[in-house]
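No value in this document is a laboratory result; all are computed from the given coordinates. Remember, it's a predicted structure, so these values are computed and weren't measured experimentally. Note: ideal-geometry Cβ built from the backbone for every residue, glycine included; neighbour counts use all protein chains shown.
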């Protein structure tokens, strides 16, 4: 009888172990749904895996996820405090770009995420690197490596000096898969306080006027200019695309008082703004 009880307990324990391992594996798989690893950054202790929806980076706005793997055990760290610092190495200077804090996706998961908006692409002599700083149980670590940031095929970023003497950066975030419809539109607006500091601009309006240059420069109805819902956040609007093809999304940036800081209104004589996004689908 005692032998039978021990046998049953052993089987039960094995079953619990199997279920636990299965759940861990399932959680790991679910965490990575919709994202693809594109880079590993290593130091003596850890390997930092970088993920994105495209499986790569490009000039413009990028949502980036990461996991930290312990080299000795291949276990993923769930309790790290993480920050990052992107840096462009130009011929005569270095500078950073707009980026968010890095936050844990779920309490018990292994994934951390944030965004980086690369305002310029790499070239043959100038490049981006990414420094990851993190703390695990009171111990500080760091890892740095060069990252690949090619130019976007269409214009998704505008960097310009406003009429108020401030340098602004405006980036298209959504739609990523435009449709013939009224699309949800999301835009980021930042300003350059220094070569290393690019805070979000609050309370402005990004006015939009989509046009099809190849079709008589016609516009579309039911567009909604992009505005903020929360301070420190991104800007949301509505973008009406009435047919497939190439669209130029003409922009004007207005401050909280309504003063236009950059961009021109489209008229019969002014067919395009000096700041714009491009979409083709």
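Computed quantities for the displayed model
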{"item": "Amide N of region 114-135 lying under 20 Å from the label point, which is placed 7 angstrom from the Cα of residue 37 along Cα→Cβ", "result": "114, 130-134"}
{"item": "Residue 74/residue 54 FRET efficiency (R0 30 Å; Cβ-Cβ; nearest 0.05)", "result": "0.70"}
{"item": "Spacing of the two label points (7 Å from each Cα toward its C-beta) at residue 95 and residue 47, in nm", "result": "3.6 nm"}
{"item": "At R0 = 22 Å, FRET efficiency that the Cβ-Cβ distance of residue 268 and residue 202 yields, to 0.05", "result": "0.05"}
{"item": "Residue-span extension gain [residue 87 to residue 125] - 0.36 nm each, minus C-alpha spacing", "result": "12.3 nm"}
{"item": "Fraction of antiparallel bridges per DSSP, the chain only, in percent to nearest 5", "result": "100 percent"}
{"item": "Angle in degrees between helix 2-31 and the longest Cα principal axis of the chain, rounded to the nearest 10", "result": "10 degrees"}
{"item": "Full-extension gain in nm, residue 281 to residue 148, via 0.36 nm per residue minus C-alpha separation", "result": "45.4 nm"}
{"item": "222 nm mean residue ellipticity, helices alone, for the chain (DSSP H n ≥ 4; -39,500 (n - 2.57); rounded to 500)", "result": "-4000 deg cm²/dmol"}
{"item": "Overall form of region 234-281 per C-alpha gyration tensor (a/c, 1.5; a/b vs b/c)", "result": "oblate"}
{"item": "Highest-MSF residue in the chain out of 113, 63, 265 [GNM, Cα springs under 10 Å]", "result": "265"}
{"item": "Shape of the chain, Cα gyration tensor, a/c cut at 1.5", "result": "prolate"}
{"item": "Taking 35, 48 and counting other C-beta atoms within 10 Å, the order from fewest to most", "result": "35, 48"}
